[in-house]
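Accompanying notes for the structure given below.
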Amino acid sequence: IIIDLSLTKISESDLPAKCEFDGFLVDAYSWNDINGTNYFIRSITEIAFGEESGESTDESWTSYGSQSLYAYHFVENRKGEIEEMRKVQDNIDMCEFDLKMSHEINSLSITDIDEDSLAEISFVYRLTCTSDVSPSTQKLLLLENGDKYILRGSTQVMGMGGEFEKDESFDNAPAGFLGHCESLWAKHLTEYDFEM
């Protein structure tokens, strides 16, 4: 069994056909662990704009945007079979203000904290529907062998925000998972930092 816990960036054409995903590809990576060859895919849809009629009698219309963001973990086992280990999806629907949704590209981290020859892949994404400069919702996920661990909170903008809550999934997580995620959060919490 080849174990190589280093991320190799790959193109869409390098993905097996059965690694199907929604939206447009942001990036894709592979690595090898005891499960076989792993594929991690991040994607996002374009903002879909629409309008709906307001309740007032003057026929006013409200325009809104909706968008979805995805992450996938697939494994190709030694028999050549593809299995979807985990699909992550988040959405903003009917946003009347500025819709912002993005993967934090540089947040990707691969580890084997519990030394079980199964890699953990961690990543951050952000989403908000806002009319001002305020913290966005931020989520940090760690995936291992189909299990999902998550921190939920906000970005930090000019010293505001940056807090997070840990999901109950961490209550039974292997030692070191939470500490790793907390340090990644601290590294990627600043969204804007400027003086008004």
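Quick notes
- If you wrap the tightest convex hull around every Cα atom of segment 76-196 and split its volume per residue, you get 122 Å³.
- Charge dipole of segment 136-196 (Cα centre as origin; +1 on each Lys and Arg Cβ, -1 on each Asp and Glu Cβ, all else neutral): 120 debye, rounded to the nearest 20.
- Rg/Rg_globular for segment 1-118, with Rg_globular taken as 2.2 N^0.38 Å and Rg from C-alpha atoms: 1.43
- Over all Cα atoms in segment 125-196, the spread is summed up by Rg and Dmax: 13.5, 45 Å.
- Lysine pairs meeting the criterion (Cα under 23 Å, 8 or more apart or interchain), as found in the chain: 21
- Relative contact order (%) - criterion: Cα under 8 Å, at least six apart; region: the chain: 13 percent
- Charge tally for Met94 (other residues, Cβ to Cβ under 13 Å; Lys, Arg +1; Asp, Glu -1): -4.
- Net charge of neighbours whose Cβ lies under 13 Å from the Cβ of Glu76, counting Lys and Arg as +1 and Asp and Glu as -1: -2
- Charged neighbours of Gln138, selected by a Cβ distance under 14 Å, balance to -1 (K, R count +1; D, E count -1).
- Here the Karplus relation 6.51 cos²θ - 1.76 cosθ + 1.60, evaluated at θ = phi - 60°, turns the backbone of segment 146-163 into coupling constants of x, 7, 10, 10, 9, 10, 10, x, 9, 6, 10, 10, 6, x, 9, x, x, 6 Hz, with x for every Gly and Pro.
- With pairing defined as another cysteine C-beta under 4.7 Å, the cysteines of the chain that fail it are Cys19, Cys181.
- Cα centroids of segment 5-84 and segment 159-177: 24 Å apart.
- When the charge dipole of segment 41-170 is built from unit charges on Cβ atoms (+1 for Lys and Arg, -1 for Asp and Glu) and taken about the Cα centre, the candidate among Tyr149, Val88, Leu108 whose Cα reaches farthest toward its positive end is Leu108.
- Residues listed by number, segment 150-192, amide nitrogen under 19 Å from Ser134 label point at 7 Å toward C-beta: 152-165, 190-192
- Under the simplified labelling scheme, the Asp27-Ile105 pair shows an inter-label distance of 0.7 nm, with each label point 7 Å from Cα along Cα→Cβ.
- Exposure ranking of Arg78, Arg42, Arg126 by accessible area [1.4 Å probe, largest first]: Arg78, Arg126, Arg42
- Taking Cα centre as origin and charging only the Cβ of basic (Lys, Arg, +1) and acidic (Asp, Glu, -1) residues, the dipole magnitude of segment 46-131 rounds to 320 debye.
- Lys, Arg +1 and Asp, Glu -1 on Cβ, resulting dipole of the chain about Cα centre, debye, nearest 20: 600 debye
The values are calculated or read from the model by the stated rules, or taken from the named source; none is laboratory data. The shown structure was predicted, so the numbers you read here are calculated from the model rather than taken from an experiment. FYI the Cβ positions are ideal-geometry reconstructions off the backbone, even for glycines, and counts take in every protein chain you see. Please note that ligands, DNA and RNA were not included when accessible areas were found on the heavy atoms of the full protein model with its side chains. Shrake-Rupley method; radii C 1.70, N 1.55, O 1.52, S 1.80 Å.
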